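Note sheet for the following structure.
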Amino acid sequence: MSGTDSQDLIFEDDFDDDQLDTGKWFPHYLPHWSSLTRSAASYRIEDSRLRLFIREDQRPWCPEFDGEVKVSGIQTGHFSGALGSRRGQHRFSQSVQVREELPNLRLFLPQYCRLEMKARASLNPWNLAALWLIGFEDDPDQSGEITLFEAFGHDVQANSARIGRGIKKIHDPHLRDAIDQGELAISVSEWHVYSMDWTPFGVAFYVDGKLVTQTTQSPSYPMQLMLNFYDLPSDAPRTSSKEAWFDVDFIRAYRRYS
């Protein structure tokens, strides 16, 4: 990628404050399908770094529709419809219904940008760390996803990892699923910069400044950031589990002029 100018910066969080900046982040994961209580993120900020994790006593975020999945997530927007409706962001199941009616938030919703995240993760086989973008979905068709970083613990080795990046159509009729999960010779437990260049003509994905893959697909509507750490149902024995977390040093976005 070419160099950036500070005047082009449209979003930045270096996590320098002791508390999460709620002018930038909503510290919940899709709370309309669940509740504010169950969807609340477990996190802390230390040494100018955000750490997402799952507490030992943390309950599944949405057992009615998503089983035993546990999530700590923060996002830069929120949209949902009336209580009992099926209208809301990321309709991951045909069965979902709005269980808590909440105000809509537009904290940061770029349309085309250069986005970068410096991160590391400690993952058990049943963990997932991810940064992705979704449409605001006030128009239900505008539901596509750009996956910048998706690391499943079972795909991570000491010095290599299969990291997902690409496009998911979700309910967008103009997109098709196209996720690249090529193996990279990196350790996800060490710091790396994961970035993308999103233009009207496609999305290019980079790791530490090197092009990894690109696509000509490009969602043509504003999208919000979703930064998440999951505990997923798994048959893997948990007797030898290690401390698991997702650390983020910074997230920055730069305006695109073409």
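The values are calculated or read from the model by the stated rules, or taken from the named source; none is laboratory data. Given the structure is predicted, the values throughout are model-derived calculations rather than measurements. Note: ideal-geometry Cβ built from the backbone for every residue, glycine included; neighbour counts use all protein chains shown. Heavy atoms of the whole protein, side chains included, go into the accessibility calculation; ligands, DNA and RNA do not. Shrake-Rupley method; radii C 1.70, N 1.55, O 1.52, S 1.80 Å.
Here are some notes:
- In terms of the mean number of neighbouring beta-carbon atoms within 10 Å, the peptides 159-165, 136-142 order highest first as 159-165, 136-142.
- Extension gain for the segment Arg176 to Glu100, taken as residue separation times 0.36 nm less the Cα-Cα distance, is 24.3 nm to one decimal.
- Solvent-accessible area, 1.4 Å probe, carbon plus sulfur percent, for the chain: 44
- Additional length obtainable on full extension of the chain from Lys210 to Arg44, 0.36 nm per residue less Cα span: 56.7 nm
- Separation of the Ser220 and Arg87 label points, Cα + 7 Å toward Cβ, nm: 2.4
- The computed Kirkwood radius over Cα pairs in Å for the structure shown corresponds, within (i) 19.1; (ii) 21.3; (iii) 18.5, to (iii).
- Solvent-accessible area per residue, Å², over the chain with all protein chains present [probe radius 1.4 Å]: 45
- The slack in the chain from Ser35 to Glu68, taken as 0.36 nm per residue of separation less the alpha-carbon distance, amounts to 10.3 nm.
- Taking the average, over residues, of other Cβ atoms within 10 Å as the packing measure, peptides 144-157, 73-86 rank 144-157, 73-86 from highest down.
- The order of the peptides 122-133, 188-199 by mean Cβ neighbours within 10 Å, most packed first, is 122-133, 188-199.
- Sites Arg238 and Glu190, calculated FRET efficiency, Cβ-Cβ separation with R0 30 Å, nearest 0.05: 0.75
- Lysine pair count for the chain with Cα-Cα distance under 28 Å and sequence separation of 8 or more or different chains is 14.
- Mean ellipticity per residue at 222 nm, deg cm²/dmol - from DSSP H runs of n ≥ 4 across the chain, formula -39500 (n - 2.57): 0 deg cm²/dmol
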